[in-house]
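Quick note: the coordinates plus some simple rules give every number you see, no bench work behind them. Small disclaimer: the values here were computed from a predicted structure and weren't measured. Here the Cβ is made from the backbone with ideal geometry for all residues, glycine too, and neighbour counts use every protein chain on show.
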Amino acid sequence: MVGRIETRVRRKGPDVTSQQVGGEVLAMLQKVDEVAYLRYASVYKDFQGTADFQRELGMLLEKKEPAGSGPAEACPPASRVGSGGRIASRARY
């Protein structure tokens, strides 16, 4: 993955900014691993709260949805949604 990112960045010319590298990393992670993408994006884009995660996740889900499907298909089953709309966790700590 690093080699592909390096190749893409080198094509942009001899002077490359950290923003360009970060953007390429985001683009690659989005294609390969959505969880890794969200984790990296949270630092790279300086998320300040849950609203930032929700916005970014919403954009990911929009890109995944086939044409004509609604957001309900991307939601967890109602049995897993707890009070306040949060997804209930099965793990106990």
Expected unfolding gain across GLU56-ASP33 under the 0.36 nm per residue rule, minus the alpha-carbon gap, is 6.9 nm
If the cut-off is 19 Å between C-alpha atoms, which lysines fall inside it for LYS31, apart from same-chain ones fewer than 8 positions away? LYS45, LYS63, LYS64
Name all residues of region 23-49 having a backbone nitrogen under 18 Å from the label point set 7 Å from the Cα of GLU6 along its Cα→Cβ direction, giving them as ranges. 23-26, 28-29
Compactness index (Cα Rg / 2.2 N^0.38 Å), region 1-48: 1.17
